[in-house]
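Encoded as structure tokens, the structure appears first; notes follow it.
The numbers here are math on the coordinates, done by the rules we state, and not lab data. Here the structure is a predicted model, which means the values were calculated and not measured. No Cβ is skipped: glycine too gets one built from the backbone with ideal geometry, and neighbour counts run over all protein chains shown.
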Amino acid sequence: MLEIRGVETGYGKLKILRGIDMKVDAKGIVALLGGNGTGKSTLLKAISGILPVWSGEILFDGEPIHAKHPHQIVRAGLVQVTQGKDSYPGMTVEENLMLGAYARNDKAAVREDLDKVYAFFPILKERRKQLSGLLSGGQVQMLVIGRGLMAAPKMVMLDEPSAALAPLVVLDIFKQINRIRKELGMTILIVEQNVRMALLLASYGYVIHDGRIHIEGQAEDMIHDDKVRHAYLGGTVAEAENVR
Amino acid sequence: MLMDFIVVGLSIGLVYGLVALGISLIFSGLDIVHFAHGEFFMFGAFFGLVLYGDFGISYPITLFLAMIITGIMGVVIERVFYRRLTSQGGGYTVAGMGMIICGFGMAIILQNVAFLIWGAEGHAMGVQFGMPIAVGDITLPRSYLWILIVSVGLMAALHVLLKHTKTGLAIRAVAADKDIAYLMGINVPLMISLIFGLACGLAAVGGVLIGPINYVQVEMGYLMLIKAFAAAVVGGFGSLPGAILGGLLVGVFETLCAAYISGSHKDIYAFLLLIFVLMVRPTGLMGHLAKVKA
């Protein structure tokens, strides 16, 4: 469904991504793993169209999207779910959700999807008139996921849904993500630092390091892979190099 | 007498409020301080003069057309001249500082364009509104009544647009964070044009409303700009309700001081008020609201 071929990009003259190749198949969950400053967010920005792609191509549903504007990519059905801190804190929960549906014109279906999101996350319905800046970390994460679903996407990209959340809350969020995949048949790319959780959820994983895909493979194999474990499950990158 | 002055002050204040609203809209939407905004007020007044005086179009339609034409003029100027700078970043970045100089330059250019077309002399708009209206003890010239009705109407319309429509939601989203707005599927460049055009249109309405009271002339924009700035800062920069409140306060304070202290120093009072408010509340009266944008 999403295919990335040799993508290079960066900021100003600084190249961050040095040729990324990735594939996300329909109706699956793929995890993109990596520590801070490895290029995860840069890749998301490139896919979403916020950062221009220097070279290489990105295909969504067989169509090239790397030269399109961000709002056109959303309309094509590829939606990035921001981190929780990127809700609009000055707007109410419901306004945030309706913003997610901005690109759609089918009012009745939007209403239905709003009810669907409220069914997934009942706490959002309870607090729909409150400013989203007043929500707890977990609730804000539910809000941004719900906001992404409001666009009626074919595929969502989740940007670190576990960031700054307590372990129990993370577990709950990941359960919901799995439910969304099952019940809505959603294709999901999940970008994470929480490697174990992401690999338990995903079927396939990529590890990005220094702007390149470092390791890739089936999720269950990767969980037991020493290289992955040392790099991201407690060890440092230097230790991982030693293992190799 | 006092009530008359207050009503006059409120009317003038509403016009300050209209221009200040535009300045605040642009500040929150584009992250820039627009120093050529007074010139859009001036151009609006001249468009009004041409439409009403030369083409003989009725006053309400003149108001509407001047708003649209000036709005389009604003969109074109923003797209052609400002967008290159603002796309490099606004606020406290180098490009944001460049925008301040660019705004001043645009103000001078627009003034000179107006000078070439209409000359330096003042033009009377010559709108015949009919007899003043007496409400209780107050006799109110109809031109002021127009200001009251049109400005309050426009402000209410702006409120409805921003708070109760999808486009308004998108404008607020763009003002609060452009990257996230993009991810919502909002056409951000288009929204920025809309915000800028809207702000220029509001200023133009202010110009056509002031036209029948004062002379229409090339330098009217400069004084309006600094008064509207005073209004925006008094109310809390970037806050839309603050811009209106600031405009009203500046208008009433100025009119009362001119009436009871000295009319020949009329233009000083706005800044006395500004200095006083900033001493007591450095963020402006509603500045705390502006911190969380949208």
**Item:** Cubic angstrom per residue, convex hull over Cα atoms of chain B
**Value:** 132
**Complete:** Taking Cα atoms only, helix A:167-184 is inclined relative to the longest principal axis of chain A by an angle, in degrees rounded to 10, of 80
**Prompt:** Computed over the Cα atoms, what is the radius of gyration of chain A divided by 2.2 N^0.38 Å, N being its residue count?
**Reply:** 0.99
**Message:** Just to be sure I understand: with springs between alpha-carbon atoms less than 10 Å apart, which residue in A:V207, A:V169, A:V228 has the highest mean-square fluctuation in the Gaussian network model of chain A?
**Reply:** A:V169
**Asked** Label B:I133 and B:H265 with points 7 Å out from Cα along Cα→Cβ: what is the distance between them in nm?
**Response** 3.6
**Fill in**
Counting sequence-distant residues (5 or more places) and residues on other chains, those with an amide H built under 5 Å from that of A:T187 are A:K27, A:V156
**Request:** Give me the lysines in straight-line cross-link reach of B:K266: C-alpha distance below 18 Å, same-chain residues under 8 apart excluded.
**Result:** B:K227
**Message:** List the pairs from A:K85/A:K227; A:K116/B:K166; A:K68/A:K175; A:K13/A:K68; A:K15/A:K227; A:K182/B:K178 whose alpha-carbon separation is above 28 Å, in the order I gave them.
**Reply:** A:K85/A:K227; A:K68/A:K175; A:K182/B:K178
**Asked** Whole-Hz Karplus ³J(HN,Hα) for segment B:206-215, in order, using 6.51 cos²θ - 1.76 cosθ + 1.60 and θ = phi - 60°, x for Gly and Pro?
**Response** x, x, 5, 6, 6, x, x, 8, 9, 6
**Dmax and Rg, reported as Rg then Dmax, of segment A:84-152 (C-alpha, Å)** = 10.7, 31
**Message:** I'd like the Karplus ³J(HN,Hα) series for segment B:44-61: coefficients 6.51, -1.76, 1.60, θ = phi - 60°, whole numbers in Hz, and an x wherever there's a Gly or Pro.
**Reply:** x, 4, 5, 4, x, 4, 5, 5, 6, x, 8, 9, x, 7, 5, 4, x, 5
**Request:** Identify all aspartates and glutamates with a Cα-Cα distance to B:K163 below 13 Å; exclude those on the same chain that are fewer than 8 residues away in sequence.
**Result:** A:E94, A:E95
**Asked** Where does helix B:220-235 land angle-wise versus the long Cα axis of chain B, in degrees 0 to 90, nearest 10?
**Response** 70
**Prompt:** Using θ = phi - 60° and the Karplus form 6.51 cos²θ - 1.76 cosθ + 1.60, what ³J(HN,Hα) does each residue of segment B:128-135 get, whole Hz, x for Gly and Pro?
**Reply:** 9, 8, x, 5, x, 9, 9, 10
**Asked** Taking amide hydrogens as modeled 1.01 Å from N in the peptide plane, which residues meet the under 5 Å criterion relative to B:G236, leaving out close sequence neighbours?
**Response** B:L285, B:M286
**Item:** With Cα atoms, 0 to 90° folded angle of helix A:137-149 axis to chain A main axis
**Value:** 80
**Request:** Rounded to the nearest Å, what's the spacing between the alpha carbon centres of segment B:112-140 and segment B:44-93? Just the number, please.
**Result:** 20
**Prompt:** If one puts a single equal scatterer on every Cα of segment B:165-294 and applies the Debye formula without solvent, what log₁₀ I(q)/I(0) results at q = 0.13, 0.16, 0.18, 0.22 Å⁻¹?
**Reply:** -0.66, -0.91, -1.05, -1.27
**Complete:** Listed by chain and number, the residues whose amide H is under 5 Å from that of A:L32, excluding neighbours fewer than 5 places away on the same chain and using placed H, are A:I190, A:V191, A:E192, A:Y206
**Request:** Before rounding to the nearest 500, sum -39500 (n - 2.57) across all DSSP H runs of length at least 4 in chain A and divide by the residue total; then give [θ] at 222 nm in deg cm²/dmol.
**Result:** -11500 deg cm²/dmol
**Complete:** Everything considered on the Cα gyration tensor (a ≥ b ≥ c; rounded for a/c under 1.5, else prolate if a/b is larger than b/c, else oblate), the protein assembly as shown must be described as prolate
